[in-house]
Structure formats: structure tokens, C-alpha cells
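Structure first, then comments.
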Amino acid sequence: MAKYSAARPWLQTEAFWLLVYVVLVVGPLALLLLGERPRPGGFVWDFALALGYASLSMMGLQFALTARFKRATAPFGIDLIYYFHRHLASIATALLVVHALVLLLRYPDVVGRIDPRTAPGYMTAGWVALMAFLLLVASSLWRRLLRIEYDRWRRLHVVLAVVGLAAALWHVLGSASYLEPRWKYLLWLGLGVFWLGLVAYVRLVRPAWLLRRPWKVVEVRPERGRSWTVAVEPEQGPGLDYEAGQFAWLSLRASPFALREHPFSIASAPSRPGRLEFTIKELGDFTRTIGSIQPGERAWVDGPYGNFGVRRFPQSPGFVFMAGGVGIAPVISVLRDLADRGEQRSLWLFYGNRDVERIVFREELEQLASRLNLRVVHVLGEPPEGWQGERGFITAGVLNRHLPSDRDRLQYFVCGPEPMIRLCERSLRQLGISLKRLHSEIFDIA
Ligand SMILES: Cc1cc2nc3c(=O)[nH]c(=O)nc-3n(C[C@H](O)[C@H](O)[C@H](O)COP(=O)(O)OP(=O)(O)OC[C@H]3O[C@@H](n4cnc5c(N)ncnc54)[C@H](O)[C@@H]3O)c2cc1C
């Protein structure tokens, strides 16, 4: 984020991190081709083994993608990283399936027996890895269809990923194909230790670090639209150094080790440091319990993350925000911050809700409109009788009616569920606005 932009700006670019990814997948694989090739040799054999190694590298790096390294995730945004994570897992598993099928069909003698009672341990480990990765991908792609509750799915996900990776490593190091001379073996052993080290960092080291920095709930207040604002303060120390529009993973009534943290935008403004506020809509198992949280209860905050702020665009003549329901949370943070800083530029907020009563921060938005050069356009799905404002969704027509003719110079921010983000993308395209000017925060990364 802003912190990294001044020094070493290349660390801020997507191209640099994509290159790092490609080098980490392809590099160790390319090194295997140096020197003598193992028997039986030939293109199909080399190809099948390369698929297996590439799959293992990709699976190992999946742990890096979800390790929440701020520098590496900042240029993309965490939602995009999780999107990559999901698709790369499917690709890596597909490579593994092809690896196994080609070897099984073309070199059945080399593969040998599948029965674990007679097969060597490292071969059985290969089959275990394949099963674990297939289960992992299937349970992620069809989690809702299979009715697996999110927190349970996350625990299953971690177990399958660790079992799959450990078994795949055992298989590779045990079969030792292409791992002569010794340095190649040590290289892959080192990579394995690195990947498993990432798991230990994410699941043990970082939670332990968070455990030593507890927060406490200081207020829980109801908001419109079945939402609650939870305010927390650090038990010691100065709190979080964040930018308006960022988010954090919040754990309530669960230790940071419990894998029961949830991502929420920070709705408060950094211009008022110390206290953090999250505005949370009752939606499912966890969020429905928010109203019962009591001041004084412990909380843990892992953050800040995300790239939804306006401060990256000091030259922009103005900003347009589009929010749906509780998607207002990061936007209110930005607006509060801009108001506290005496912002003069033109701002527009297109805010979609089902009806008037569900408009979270309705009164505060009116106040902010009087402090800022802000025009708030409410778009209601079920407007009351006599409603003069916009109705339906935030479409190109709605934007067209309220934005100035030089709209292609503005920066656009959209926050809400995925279908809303897609609709906003379509609308901007219809208005001839480059999608490079659109910055989105999707409230669903699972
Ligand atoms: C970057 C980001 C910022 C967000 N900010 C806000 C906010 O400010 N206010 C708000 O009300 N909501 C926000 N959300 C959505 C919020 O995280 C989910 O609504 C919440 O986690 C649902 O949990 P649940 O157990 O109540 O619901 P469930 O019914 O169990 O889950 C509903 C859906 O929410 C998603 N989800 C559940 N748990 C998690 C989790 N631990 N991590 C990621 N996704 C999960 C899953 O897709 C799930 O299917 C944000 C989400 C993201 C990704």
C-alpha cells in the first residue's frame, strides 16, 4: 500500500509478482532437466514427470498465496489472490491427474501395483496425494451444493491440503525420479520444507503473534438493514495503522488458532485512530451472533489488508462509489476520512438497497453530503410510494443521469456481492469508461 509505493516501486507491480510466481514454478522444474535423464526416458515419460513436478510446485505455492503477505497481495487485492488460488488448485490437480493417467496407461510396469499392502510406501503416498487434492478441489468447488458449513469446510481444506502436500513430497522424494545428482534431491527437499514452513507460519506463528496482541470489544450497536457495528480497541499499544477502505480478519469468541476468523471492512476512519469499527450484516452462522457480543469480550484483529482506498489517486479530479447494502462499510470509512481531512473534490455515491429502512448510515450520509462535495444517489429495489429517486439496480442509465460528461477522468470504486460488481463493470463499459478505473471489493472470497 502507500507505505511501499515510495521505495522500490517495482514491488508494487503485478508483473513483478507474476514473474516471481512463474520462476518459482518453472525454475525448479527446469533444473531437473539438467544432467542425465532417468529411464525409461523419451518425451512422454519426461512430459508426464514434468506435469507431476509442476503440479507439486503449484500446490506448494498455494500456501504462499493464502499466507496474506502484504507486499505480494497488495498489487492484486486479496479477492483476486483467492480467485487465483481457487483456479490454480484446479489446474494443479488436473496436471496431477494427467500425470497419473499417462504413467498408468503408458508405463504400467513402472507404476507397479496399486494395492497399498504390496506397493512401496512412496507409491501409495502418490495415490493418497491425488485423492486428497481431488477431494480438496471438489469440496471447494461444490461446497454450497454439498452443504458443507464454511468453518467446517475451512478446517477440512487445511487438513486435505497438508496431507496432500506431505504425501506428494513423500512420493517425489521416495521415487527420486530425476533427483540425481544429490543437489536436486536436496533442492526439492528444501522446497518441501519451505512450503510446509509456510503452513506452520500461517497456522501457528501468525496466530501466536496475534494472541499476544488482544483487542477488546468496547461497543456493539444496532444499525439499519439487520446490521451491527462492533467497535474494538487494543488492550495495549496504539492499534492498527491502516488506510481508509481496508479490511481485517476479525476473530470473536474464538482464538486466532481456531480458523474461525472472518474478513470485515474497517468502517471507521484512520483520521480517528485507536478504535476500530466494523459494520456487519447478519447473514449466516457467525454474523447472526454479533448482536449477542458484549462489551469487554476479547477480539483478535489480523490486518490491515486490501487496496480499496482513494489515496493512491492524488491526481484524480473526483471519485465515484457504488455500494450495495453492507458494501457501504469500506465506503463510509473513506468518506469519513475524506470529510475529516477537508476533501474538496467531487464525490458521488450510488447506494443500492432494497428499501429505505435498510439504508445503513442513512442519516450520517446526509451529514457527510453537507460536509463534503458529495452527491448521494439512493437506488431502491422496492421504493415507497411517491419515491422520486432512482429505482432498480445501479445501471448504466442511473450512472449516466448523475455523472458529469468528463466521467472518464474519475476513479470508480464498487463494493458488494459479485453479481453487483459484474453489473457495475458492464455499466461502466457501456458508458465507455475503462475498467482500469474500476476498483472492486468483493464481499465473498470463499
Ligand atoms: C474483503 C471482505 C470484506 C468484507 N467486509 C464485510 C463487512 O464490512 N461487513 C459485512 O457484513 N460483511 C463483510 N464481508 C462478508 C463477510 O466476511 C461474510 O458475510 C461473513 O464472513 C459470513 O460469515 P457467516 O458465518 O455469518 O455466514 P455463513 O452463512 O457461514 O457464510 C456465508 C458466506 O460467507 C462467506 N464466508 C463465511 N465465512 C467466511 C470467512 N471466514 N472468510 C471468508 N468468507 C466467509 C462464504 O462464502 C459463505 O458461503 C466481507 C468479505 C470480504 C471477503
Cβ-based charge dipole, the chain, positive-most Cα from G239, V199, Q12: V199
Pairs of Cα atoms under 8 Å, at least six residues apart: use those to get the relative contact order of the chain, whole percent. 12
For the peptides 360-373, 58-71, what is the packing order when you average, over each peptide's residues, the other Cβ atoms within 10 Å and list the highest mean first? 58-71, 360-373
If each of R182 and R152 carries a label point 7 Å out from its Cα toward its Cβ, how far apart are those two points in nm? 5.0
Starting from the Cα of S271, move 7 Å in the Cα-to-Cβ direction to define the label point; list residues of segment 288-325 whose amide nitrogen is under 14 Å from there. 310-311
Those residues of segment 209-244 whose amide nitrogen sits under 19 Å from the label point placed on E282, 7 Å along Cα→Cβ: 219-231
Could you give the size of the charge dipole of segment 2-209 about its Cα centre, using +1 on the Cβ of each K and R and -1 on the Cβ of each D and E, expressed in debye and rounded to the nearest 20? 660
Only bridges whose two residues both fall in the chain count here: according to DSSP, what percent of them are antiparallel, nearest 5? 50
Of the DSSP H helices in the chain, those whose Cα atoms cover at least 15 Å axially and whose Kyte score averages 0.5 or more: 14-32, 43-65, 78-106, 121-141, 150-175, 182-200, 328-340
Chain lengthening between E425 and D444 when straightened (0.36 nm per residue, less Cα-Cα): 5.1 nm
For the chain, take N as its residue count and report Rg(C-alpha) divided by 2.2 N^0.38 Å. 1.13
For segment 105-171, give the magnitude of the charge dipole about the Cα centre (Cβ charges: +1 Lys/Arg, -1 Asp/Glu; no others), in debye to the nearest 20. 260
I need the Debye-formula profile for segment 17-99: one equal scatterer per C-alpha, no solvent, reported as log10 I(q)/I(0) at q = 0.12, 0.13, 0.26 1/Å, two decimals. -0.41, -0.47, -1.27
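Students often check this: by mean Cβ neighbours within 10 Å, which of 175-182, 329-336 ranks highest, and how do the rest follow? Present the calculation step by step, with values, prior to reporting the outcome.
Numbers: 175-182: 15.1, 329-336: 26.6.
Those peptides, ordered most packed to least, come out 329-336, 175-182.
Which order do E418, E390 take by accessible area at a 1.4 Å probe, largest first? Write down the numbers at each step before the final one.
Working: E418 80, E390 25 Å².
The most accessible residue leads, giving E418, E390.
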Find the relative contact order for segment 2-209 and round it to a whole percent, using C-alpha pairs within less than 8 Å whose residues are 6+ positions apart. 24
Where does each of 114-123, 315-324 land if you order them by average Cβ count within 10 Å, highest first? 315-324, 114-123
Give the residue from Y21, P273, L347 lying farthest towards the positive end of the charge dipole for the chain; charges sit on Cβ (+1 for Lys and Arg, -1 for Asp and Glu) and the dipole is referred to the Cα centre. Y21
In debye, nearest 20, what is the charge dipole magnitude of the chain about its Cα centre with +1 on Lys and Arg Cβ and -1 on Asp and Glu Cβ, if you could check? 520
Sort largest first and round to whole Å: the equivalent ellipsoid semi-axes of segment 2-209, each the square root of five times a Cα gyration tensor eigenvalue. 30, 22, 15
Positive-pole candidate from G77, L101, L259, dipole of the chain, charges at beta carbon: L101
Classify segment 80-125 as rounded, prolate or oblate from the Cα gyration tensor: take a ≥ b ≥ c as the square roots of its eigenvalues, call it rounded if a/c is under 1.5, otherwise prolate when a/b beats b/c and oblate if not. oblate
Amide H neighbours of M322 under 5 Å, counting only residues 5+ apart in sequence or on other chains, H built in-plane at 1.01 Å? F350, F413, V414, C415
To the nearest 500 deg cm²/dmol, what mean residue ellipticity at 222 nm is calculated for the chain from DSSP H runs of n ≥ 4 alone, each contributing -39,500 (n - 2.57), summed and divided by the residues? -14500 deg cm²/dmol
Describe numerically, in nm with one decimal, the distance between label points set 7 Å from Cα along Cα→Cβ at Y107 and at T289. 5.1
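The values are calculated or read from the model by the stated rules, or taken from the named source; none is laboratory data. In this text the structure is predicted, and so the values were computed from the model without any measurement. Glycine gets a Cβ as well: all are built from the backbone with ideal geometry, and neighbour counts include every protein chain shown. For accessibility, only protein heavy atoms count, side chains too; no ligands or nucleic acids. Shrake-Rupley method; radii C 1.70, N 1.55, O 1.52, S 1.80 Å.
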